[in-house]
Amino acid sequence: MDSLPFTQEKESGVSLLHPLQEALQGRIPKHIAIIMDGNRRWAKEKGLPLFYGHWHGADVIMDIVKFAAELGVETLTLYAFSTENWTRPHKEVKELMRLVAFYLRKKKKVMIEESVKLETIGDLSKLPVDVQERLKETKEATALSSKIRLVLALNYGGRDEIRRAVVKIAEDLEQKKIVKEHISEALIGSYLDTASFGDPDLFIRTSGEQRLSNFLLWQMSYAEVYLTKVLWPDFDRRELLRAILEFQKRERRRGE
């Protein structure tokens, strides 16, 4: 395991239980979803061009993925680019797309070495061709990876996902592949982008914002929510561990 984010500490002469050891003794969320918020604010606070925040935020990702895998997390879903992000200035959108393509090219080898399987959710057809090609290449290269699944939400919106699922269900009804009596929550879930890996156990949002922002609206029904004021470029292993320790304190009742 890589160098640990916490060290053995003492308070009033009494040794504290190592937070990592404590986390590993509890239940680990199998699926974590994160809104990586605060990149632009981080750059602004440091007097840097806004896009520096996006690049620094991208640098954080792989270390979080690796640590999540070491803890036993099976799926990490990151909100990388929403359907609403197209309304940002053209220059920023162009740079974000360039960042995605560059990141995939730069990190493909690391993903293979760390057995990280890349998957996506969202409507990829509207992304630039070079980004689509990079995604396809990286997915194929990591198809046999099994340590952790990294899911990038690209051109993703919860409402759009549900709309696309409804369209598919309507088409299958017309083609008599299904009948209306078969429509259940489970069937609807099977038409969603996340059908192969299920709902998040833990939802994390950085930078202090307190909304879902059209992210995994169906799937987040029973996720535990953890909000932190830490900006995404400053989010590290210590912060992920804090979120998981908080998750372990909660009793998941699912309405019972």
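The values are calculated or read from the model by the stated rules, or taken from the named source; none is laboratory data. Given the structure is predicted, the values throughout are model-derived calculations rather than measurements. With ideal geometry, Cβ positions are generated from the backbone for all residues, glycine too; neighbour counts draw on all protein chains shown.
Looking only at residues in the range 23-74 that are charged (D, E, K, R) and within 24 Å of Ala223 (Cα to Cα), which one is surrounded by the most Cβ atoms within 10 Å (Cβ to Cβ)? First the steps, then the outcome.
First, pick out the residues of the range 23-74 that are charged (D, E, K, R): 27, 30, 37, 40-41, 44-46, 59, 63, 66, 70, 74.
Narrowing further to those that are within 24 Å of Ala223 (Cα to Cα): 27, 30, 37, 63, 66, 70, 74.
Details: Arg27: 12, Lys30: 15, Asp37: 23, Asp63: 15, Lys66: 18, Glu70: 17, Glu74: 18.
Applying the filter and picking the extreme gives Asp37.
What tally of residues in the range 207-231 results from selecting those that are among the polar types (S, T, N, Q), in a loop (DSSP other than H, G, I, E, B) and either within 12 Å of Ala33 (Cβ to Cβ) or without any contact (Cβ under 8 Å) to a residue 60 or more places away in the chain (or both)?
3
Condition check ((1) assigned to a helix (DSSP H, G or I); (2) within 17 Å of the chain's Cα centre (by Cα)) across all residues:
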position: Trp42; (1), (2): yes, no
position: Gly53; (1), (2): yes, no
position: His56; (1), (2): yes, yes
position: Ile64; (1), (2): yes, yes
position: Glu70; (1), (2): yes, yes
position: Leu78; (1), (2): no, yes
position: Lys91; (1), (2): yes, no
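Considering the range 134-167 alone, what residues qualify as being among the hydrophobic types (A, V, I, L, M, F, W, C) and either assigned to a loop (DSSP other than H, G, I, E, B) or within 16 Å of Phe81 (Cα to Cα) (or both)?
Leu135, Ala143, Leu144, Leu150, Val151, Leu152, Ala153, Leu154
Each row is one residue, and each column tells you yes or no for (1) touching a strand residue (DSSP E or B) at 6+ places or on another chain (Cβ under 8 Å); (2) among the β-branched types (Val, Ile, Thr).
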residue	(1), (2)
Val129	no, yes
Thr142	yes, yes
Lys147	yes, no
Leu152	yes, no
Gly157	yes, no
Arg164	no, no
Glu181	no, no
Tyr191	no, no
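Looking at Arg159, Arg164, Arg98, can you tell me which residue is under 27 Å from Pro49 (Cα atoms), at pLDDT 95 or above and surrounded by fewer than 19 Cβ atoms within 10 Å (Cβ to Cβ)?
Exactly one residue qualifies, and that residue is Arg98.
When you scan the range 97-111, how many residues do you find that are free of Cβ contacts under 8 Å to residues at least 40 places away in the same chain and aromatic (Phe, Trp, Tyr)?
Number of matching residues: 1.
Do we find that Val131 is part of a helix (DSSP H, G or I), within 14 Å of the chain's Cα centre (by Cα) and crowded, with 19+ Cβ neighbours inside 10 Å in this structure?
Considered against the rule, which asks whether it is part of a helix (DSSP H, G or I), within 14 Å of the chain's Cα centre (by Cα) and crowded, with 19+ Cβ neighbours inside 10 Å, Val131 comes out as no.
Do we find that Glu185 is exposed (fewer than 12 other Cβ atoms within 10 Å of the Cβ) and either of a type outside the set (Phe, Trp, Tyr) or out of contact with any Leu (no Cβ under 6 Å at 6 or more places or on another chain) (or both) in this structure?
Numbers: exposed (fewer than 12 other Cβ atoms within 10 Å of the Cβ): yes; either of a type outside the set (Phe, Trp, Tyr) or out of contact with any Leu (no Cβ under 6 Å at 6 or more places or on another chain) (or both): yes.
Yes.
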